[in-house]
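Q: Okay, here's the structure, questions in a sec.
The values are calculated or read from the model by the stated rules, or taken from the named source; none is laboratory data. Owing to the predicted nature of the structure, the values given are computational and were not obtained by experimental measurement. Don't worry about glycine lacking a Cβ; one is built from the backbone with ideal geometry, like all the others, and counts go over all protein chains shown. When the accessible area is computed, the model is the full protein with side chains, heavy atoms only, and any ligands, DNA or RNA have been set aside. Shrake-Rupley method; radii C 1.70, N 1.55, O 1.52, S 1.80 Å.
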Amino acid sequence: MPVDIAKTADHSRVLAQVKWGHNDAIGCYLVLNDNALAALQAAAQAGLTTQPGEEKEAAPSVAEIAAAEAEMVALVNGLRESLGLAPLVHHPSIGAVARGWSRTMAAEDDFRHNPNYAQQYPPGWALAGENASRQSGFSSLSGAVQRSFDGLADSPGHYQNMVNPQFTHLGVGIAVDEGGGFWLTQNFARYTSAIVEPTATSSPQQNPSVRLT
């Protein structure tokens, strides 16, 4: 009995079918109609094929990523407040630095620190720091966020960044790669005055007060 493997968007017409055949010399074999091979190749290239019993998980949406980033900010500030420290202000420009680096690590499958993160901040910072985390095998974004936070909190150097009383601002960036790997960057900064966004002619700030952990 033929099996439909491709239809038009409204499901009104079958584009490709496969069916099983049998020959005494070779046993069972698969018969593809004229369009079936092209349909299977197109599906494989688009990443739509799955193993039996498996479903390809959709990538997190922009809103879901943003919610996960906000969750990490809340966890860091919850930790700080439990110690009597002022919460960090989440700044979108610092968050963009963090998100950009997480995407870079995910795309290159290379877990490392951003060597230029502080120069990518808005100018005027007096102290800068960075934490990074990578997770795999998580069942939800929220679960990955919690595991990342717990791992960072258990590491003395990373913990110190999160509870440093001198820091005033924070940016969080998350990326999820095609294999489901979770990449997270936290960028910290101290500003003693209002942040002024850089102009096209601004030069990157150079400052020795940088902490990498």
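Q: Could you tell me whether segment 186-202 includes any residue that is among the aliphatic types (A, V, I, L, M) and modelled with pLDDT of 95 or more? First the steps, then the outcome.
A: First pass over segment 186-202, keeping only residues among the aliphatic types (A, V, I, L, M): 189, 194-196, 200.
If we keep only those that are modelled with pLDDT of 95 or more too, we end up with 189.
The answer is yes, given that some residue of segment 186-202 is among the aliphatic types (A, V, I, L, M) and modelled with pLDDT of 95 or more.
Q: Another question, if that's okay. In segment 71-93, which residues are of a type outside the set (D, E, K, R), without any contact (Cβ under 8 Å) to a residue 60 or more places away in the chain and open to solvent by 40 Å² or more (accessible area, probe 1.4 Å)?
A: Selection gives ALA74, SER82, GLY84, PRO87.
Q: Give segment 97-139 a look and list any residue that's without any contact (Cβ under 8 Å) to a residue 24 or more places away in the chain and open to solvent by less than 50 Å² (accessible area, probe 1.4 Å), or say none.
A: THR104
Q: Would you mind finding the one in ALA144, ALA132 that is at pLDDT 95 or above, in a helix (DSSP H, G or I), within 14 Å of the chain's Cα centre (by Cα) and not β-branched (Val, Ile, Thr)?
A: On inspection, the qualifying residue turns out to be ALA144.
Q: Of everything in segment 60-95 that's assigned to a loop (DSSP other than H, G, I, E, B) and under 16 Å from VAL145 (Cα atoms), which residue is modelled with the highest pLDDT?
A: Applying the filter and picking the extreme gives SER61.
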